[in-house]
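Visitor: First the structure, which I've put down as structure tokens, then a few questions once you've had a look.
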Amino acid sequence: MIRLAKDTNDISILISDYLCFLIDRNITSDIIDIHESVLHLFLRFISENAIETFLIFASKVLDQFYRDYHPKNGRTVMNGFLRYLKMNNIVCDDLIASDNDLCGIFSDYLKFFQRCGTAQHNRQQQVRNTLKAFNHFLLSNQVSLNQLNIEIIDRFLFETYQAKKVFSTIPHCSARVSQVSLS
């Protein structure tokens, strides 16, 4: 979840500061107008839905905003605004904080995946859940990352799909590769 790190009673001041930041960076007036219109829609959404200040950047709230208002370039604008707020330590991102049960490389990957901002929250959750399941599989089978090979990954995929009772009509490419000697 992304939350405000500082007490901020008026989000409109933050929006004004962000728009001034864009002007200072010599962003074209057309782009600034787009950002301004999306952010004003966001303000209206927040006030109409009486959303608490500490929840305004929650992924469910943002997803609802995108669904309700369908702002053109909405995700791009909101991602830019959030990056600006993070850069100025106005918001902090504690979405990854709950991933203490992952090994370092998986946690680092999730942080990178989130920072890129190319995937929606649902996709990030899918990746997080897959990495948690894979990490649990490695721990329960006492396999270190150094010992990882295609057969172990195939076994994880097989067990995962067996547990979900999902049968694919397309054979896994890695299953065909494992038949060939990799030595």
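Visitor: When only DSSP loop residues count, what GluC sites (Glu not before Pro) in the range 20-76 have their Cβ near at most 10 other Cβ atoms within 10 Å?
Guide: Qualifying residues, ordered by number: 52.
Visitor: Continuing with the same structure: When 40, 35 are ordered from fewest to most other Cβ atoms inside 10 Å of their Cβ, what list results?
Guide: Listing 40, 35 from fewest to most nearby Cβ atoms yields 40, 35.
We did not get these values from a lab; they are worked out from the coordinates using the rules stated. Keep in mind that what you see is a predicted model, and the values were worked out from it rather than measured. In this analysis, Cβ positions are derived from the backbone assuming ideal geometry, glycine residues included, and neighbour counts consider all displayed protein chains.
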